[in-house]
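Accompanying notes for the structure given below.
FYI, it's all coordinate maths here, none of it is from the lab. Remember, it's a predicted structure, so these values are computed and weren't measured experimentally. Glycine gets a Cβ as well: all are built from the backbone with ideal geometry, and neighbour counts include every protein chain shown.
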Amino acid sequence: MTSLLGFSYDEAFSRNLGWVTEAEQARLRASRVCIAGLGGVGGVYLLTLARLGVGAFSVAEFDTYALANFNRQVGATLSTINRPKVDVMLEMAREINPQLDIRVFDRGLDASNLDDFLADGNLYLDGLDFFALAIRREVFARCERLRIPAVTVAPLGMGASLLNFVPGGMSFESYFRLEGQTEDEQALRFLVGLSPAMLQMAYLVDPSRVDLANRRGPSTAIGVQLCSGIAATQAVKLLLGRGRVIAAPAGLHFDAFRNRLARTWRPGGNDHPLQRLLLRVVRRRLMQRKTRAVP
């Protein structure tokens, strides 16, 4: 267990000052950020915000580490295989700030504990598995009802794509339009909605690795780390009320491999004509791949 001996919050985070004021640092210390999922992006979100001096978190995670997590998850090492992700990440976060106030939901989230998870929350960061769409929809809907800003940043290849859902703005459901769709169609709509610019597709060398039907897809630590910087910046702006926040239906997609930044604007979300066209194209490609795979 981490000792408080020798720890000073003011000294530990003094190098933040200059980019934030002393009063703003105190506000970060008093803020609570809710993070669902502590795997790829969620785990590094927790550590990045802890280093920014955010003082309180509510975290939800039920999974354990495996070898397949090594390519992108900050807590995944030989010594943590089969250990609960939430235990490992809390240890790492408290090594940064032993004074953290952390509420733990180690059985994950469902309708029965969402209010407790979001209680006193100033911000929600989405770290859920890509395919956890049912609970993701519930979390974003509850954030909208409670007027809690909700941020999702998707690791796409060697880049990251941002969407912010803010009180009074476009809702998650209005943007992605998942209601009444099959699970496969929801996954497709979520992918296309996250990535209107589709910058990552230009260098996908093996498209067969994108397998929405079997709930699998490729990933990189590069994308995850970029997500963390982008999400933490949104957290600073939303928690401190300083800086322009780009909110859905507007978004950003930065791709480090292609040296490109795309600004996206999709009024109507996935109902926008360009999105409907993109959905048809991606759907057709997936069907062609599936047909070729049948002997």
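Quick rundown of the values:
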{"item": "Stokes-Einstein translational diffusion, segment 80-186 - Kirkwood Rh over all Cα pairs, 1.567 mPa s, 4 °C, in µm²/s", "result": "82 µm²/s"}
{"item": "CD proxy at 222 nm, helix term only [per DSSP H run n ≥ 4: -39500 (n - 2.57); per residue of the chain; nearest 500]", "result": "-12000 deg cm²/dmol"}
{"item": "Dipole magnitude of segment 1-138, debye to nearest 20 (Cβ charges: Lys/Arg +1, Asp/Glu -1, about Cα centre)", "result": "280 debye"}
{"item": "Difference of contour (0.36 nm per residue) and Cα-Cα distance, Ala12 to Asn259", "result": "85.5 nm"}
{"item": "Point-charge dipole on Cβ atoms (K/R +1, D/E -1) for segment 103-230, about Cα centre, debye to 20", "result": "220 debye"}
{"item": "Those trypsin sites (Lys or Arg not before Pro) in segment 1-107 that DSSP places in a loop and that have at most 15 other beta carbons within 10 Å", "result": "Arg107"}
{"item": "Lys/Arg +1, Asp/Glu -1 at C-beta; the chain dipole; positive extreme among Gly53, Gly40, Tyr175", "result": "Tyr175"}
